[in-house]
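Visitor: Pasting a structure below so you can have a look.
What follows draws every value from the coordinates through simple rules; no lab data is involved. Please read these numbers as outputs of a predicted model, since none were measured by experiment. Note that we place each Cβ from the backbone using ideal geometry, even for glycine, and neighbour counts take in every protein chain shown.
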Amino acid sequence: MKTSSKRILSILFSALFLLATLVIYGNLIQPEINTSSEKQSLVASKQNLFDNQKAVVSQVSKLIGDLQNAAQLQQTLSLVVPVGEGVTNVLNQWEGIAEANQVTIQSLNVKPPAALLGTKQPLVKRLGNFDIEANVSGTYDQLKQFLRGLESSTRITNVSDFDFKPFFSNVAGSQSSSGGTYTLRISATAFYQEE
């Protein structure tokens, strides 16, 4: 074979290989590249959706936690300033504090609730109060602990006035001082939320 024939055959084979490569690329490789690109874009969009959903779930979980904290706060607030007067609860609380400090309640007077304070708004409950007057007796330390118990009790009670005197008892028509025993007259205000 001549060198020119060899060259022509080599050019012809090169052209055939080039044409076969273009056919294979166009029919086999290009569709797979398109399919791969579609799958990559689908994976990317699903990953984006997953990240967005994960962020939303995280925000909802945080919101649920905040709402649970708000519910706990509401429960705590209801103990401190309950909904409704709850006069019986106040009296039980005072009795419990007196018992714990070994103080004797001689008299207890609850005055009717005062007019409600605040505005009529749907999200804000108005604040009401009622006055309590009591006479208690005990030693100085017991009365001091009783007042401290009222200050630190669960329900907000504002002691507005108190009078501290030695305790005198009537024995056969004469008054005599009981050594170390005192009487304490207390005026206090208890608060509640309107129902």
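Visitor: With runs of 4+ DSSP H residues as the only contributors, calculate the mean residue ellipticity of the chain at 222 nm using -39,500 (n - 2.57) per run, divided by the residue total and rounded to the nearest 500.
Guide: After summing the helix terms and dividing by residue count, I get -18000 deg cm²/dmol.
Visitor: Let me know the charge dipole size of the range 1-80 about its Cα centre in debye, to the nearest 20, where only the beta-carbon of Lys, Arg (+1) and Asp, Glu (-1) is charged. Kindly include the intermediate steps, with their values, before the conclusion.
Guide: Numbers: 7 positive and 4 negative charges, 132 e Å.
Computed charge dipole of the range 1-80: roughly 640 debye.
Visitor: Here is a follow-up. How long is the range 1-158 along each principal axis, judged by its Cα atoms, biggest number first, in Å?
Guide: The Cα atoms of the range 1-158 stretch 136, 39, 17 Å along the principal axes, largest first.
Visitor: Another one. Taking the Cα centre as origin and putting +1 on Lys and Arg beta-carbons and -1 on Asp and Glu beta-carbons, what dipole magnitude results for the chain, to the nearest 20 debye?
Guide: The dipole of the chain has a size of about 1620 debye.
Visitor: When averaged across all projection directions, what area in nm² does the alpha-carbon convex hull of the range 44-99 cover?
Guide: On the way: hull surface 21.1 nm².
With the hull built on Cα positions only, its mean projection is 5.3 nm².
Visitor: To continue, here is another question. Which angle between 0 and 90 degrees, to the nearest 10, do you get for helix 87-100 versus the longest principal axis of the chain when only C-alpha atoms count?
Guide: That helix lies at roughly 70 degrees to the long axis.
Visitor: Could you tell me how many degrees, from 0 to 90 and to the nearest 10, lie between the Cα long axis of helix 140-151 and the main elongation axis, the longest principal axis, of the Cα atoms of the chain?
Guide: 40 degrees
Visitor: Something else now. Note the angle between two axes, namely the Cα long axis of helix 3-24 and the longest principal axis of the Cα atoms of the chain, as a number of degrees from 0 to 90, rounded to the nearest 10.
Guide: 30 degrees
Visitor: What base-10 log of the normalised intensity I(q)/I(0) is obtained for the range 1-90 from the Debye formula, alpha carbons as equal point scatterers, at q = 0.13 Å⁻¹?
Guide: -0.77
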